[in-house]
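**Student:** This is the structure, below, for whatever I ask next.
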Amino acid sequence: MASRGTESDRPVIICSLARHTVENLQCLQDLKKDYDTILWEEFLADPERYAQRVLGIITAAYSPPKWTDRIMQLMCNLKVVSTVSVGIDHIDRPLLKKYGVRLGYTPDLVTKCTADLGFTLMMAAARRIPEMQRASRGYQSGSVLDIAKIRQCIGQDIHDATLGIVGMGNIGLEVAQRAMGFNMKVLYHNRRQRSAEEEKSVRATYCPTLEALLPQVDFLMLTAPLTEETRNMMRKDRFKLMKSTAILINIARGPLVNTDDLVEALESGTISGAALDTVEPEPLLDDHVLFTMPNVIVTPHCGVFTTGGIDRMFTLAIENLLAGMHGAKMPAEKDLS
């Protein structure tokens, strides 16, 4: 990707992203006009060639670089890391802070489309859409609908049901707004209670503990960030608190859920189903048992994958990158203090 021939004196941007992403996004290609842009693996293959010219790194949650003190010392002029994500659990924040490197991220842009996907997954799991699709196949000309087969896929009502949201941030609020259209009762658990005005705006009721929320909900939507406190928050003892008809939806981070405990809960009928946009480990191997379960939907961490969503995120990430390299105010900077 970098300019060849005589060694360039131009500043370097490292793209710690998949090659096809870099090659297919025009906004990343446009960086080549003023910068030598290289992939992370190109940098690692010859760090001495590039290190002192590296001013910025653009990365994402699915392809973070493996930082070390040695690498940071080599990149003595690195000014900014810009991640195309809301979550920053894949970033070594203490190491960036140690070397005075700023961090940009892309909040808010994913909020509405991720909430859309969460609600879509909930509806698809509740109405057992993948199973209904399979039940629609196998007919020959002149056949009549097999009502007995269809009745095996009877789903759950979404309207008037109770939705529990864990993590009432911006995405959680957007999910709650969508639930209003289905006259759902919304309960939520969060690190802090939202204001009375915010609660009223989405008709949501605060539950001070997860244990108080779980037995009440028909659908449980995870939208919380990954922290040491939230890691494995959904595990065996908590699944046992839920209704046997309840469905889990995870649009946040895979490690919020203990995968082995989830499989056990699904196999035993402790809960009814799951719809997962993110899993642990990610990605799952093709022979993973979750793919064999008719009551499970798995999508590839694609909350922002809409026509405009990706472009908006990368545009903001590049704005953060350029501002950081020039010592200017970033549109969205994460405080590392």
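The values are calculated or read from the model by the stated rules, or taken from the named source; none is laboratory data. Everything quoted here is computed from the prediction, not taken from an experiment. FYI the Cβ positions are ideal-geometry reconstructions off the backbone, even for glycines, and counts take in every protein chain you see. Side chains are part of the model used for accessible areas, which takes the heavy atoms of the whole protein and leaves out ligands, DNA and RNA. Shrake-Rupley method; radii C 1.70, N 1.55, O 1.52, S 1.80 Å.
**Student:** Out of curiosity, is LEU187 under 19 Å from LEU276 (Cβ atoms), open to solvent by less than 10 Å² (accessible area, probe 1.4 Å), in contact (Cβ under 8 Å) with a residue 24 or more places away in the chain and not in a helix (DSSP H, G or I)?
**Tutor:** Criteria not met by LEU187.
**Student:** While we're here: Among the numbered conditions (1) modelled with pLDDT of 95 or more; (2) under 20 Å from MET313 (Cβ atoms); (3) surrounded by fewer than 17 Cβ atoms within 10 Å (Cβ to Cβ), tell me where LYS98 comes up short.
**Tutor:** Unmet for LYS98, out of (1) modelled with pLDDT of 95 or more; (2) under 20 Å from MET313 (Cβ atoms); (3) surrounded by fewer than 17 Cβ atoms within 10 Å (Cβ to Cβ): (2).
**Student:** Sticking with this structure for a sec: Write out, first by first residue and then by second, each pair whose Cβ atoms fall under 7 Å of each other, whose residues are 6+ apart or on separate chains, and whose first residue, in region 59-81, is more than 15 Å from LEU321 (Cβ to Cβ) and assigned to a strand (DSSP E or B) while the second is open to solvent by 40 Å² or more (accessible area, probe 1.4 Å) and β-branched (Val, Ile, Thr).
**Tutor:** Going by the 7 Å Cβ cut-off, there are no qualifying pairs.
**Student:** Select from region 149-171 the residues that are over 20 Å from MET242 (Cα atoms) and without any contact (Cβ under 8 Å) to a residue 60 or more places away in the chain and list them in ascending order.
**Tutor:** LYS149, ILE150, ARG151, GLN152, CYS153, ILE154, GLY169
**Student:** Name the one entry in CYS15, CYS27 that is in a helix (DSSP H, G or I) and closer than 20 Å to GLY104 by Cβ.
**Tutor:** On inspection, the qualifying residue turns out to be CYS27.
**Student:** What number of residues within region 102-157 are modelled with pLDDT of 95 or more, among the charged types (D, E, K, R) and surrounded by 14 or more Cβ atoms within 10 Å (Cβ to Cβ)?
**Tutor:** So the count comes out to 4.
**Student:** Oh, and also: Considering every residue within region 198-209, establish whether at least one is closer than 27 Å to PRO130 by Cβ and of a type in the set (Val, Ile, Thr).
**Tutor:** no
**Student:** Next up: Taking the condition in contact with a Cys (Cβ under 9 Å, 6 or more places away or on another chain), open to solvent by less than 60 Å² (accessible area, probe 1.4 Å) and in contact (Cβ under 8 Å) with a residue 60 or more places away in the chain, does LEU31 pass?
**Tutor:** Taking the combined requirement at face value, the residue satisfies it.
**Student:** Which is open to solvent by less than 70 Å² (accessible area, probe 1.4 Å), without any contact (Cβ under 8 Å) to a residue 60 or more places away in the chain, of a type in the set (D, E, K, R) and in a helix (DSSP H, G or I), of GLU174, GLU199?
**Tutor:** Of GLU174, GLU199, the one residue that is open to solvent by less than 70 Å² (accessible area, probe 1.4 Å), without any contact (Cβ under 8 Å) to a residue 60 or more places away in the chain, of a type in the set (D, E, K, R) and in a helix (DSSP H, G or I) is GLU199.
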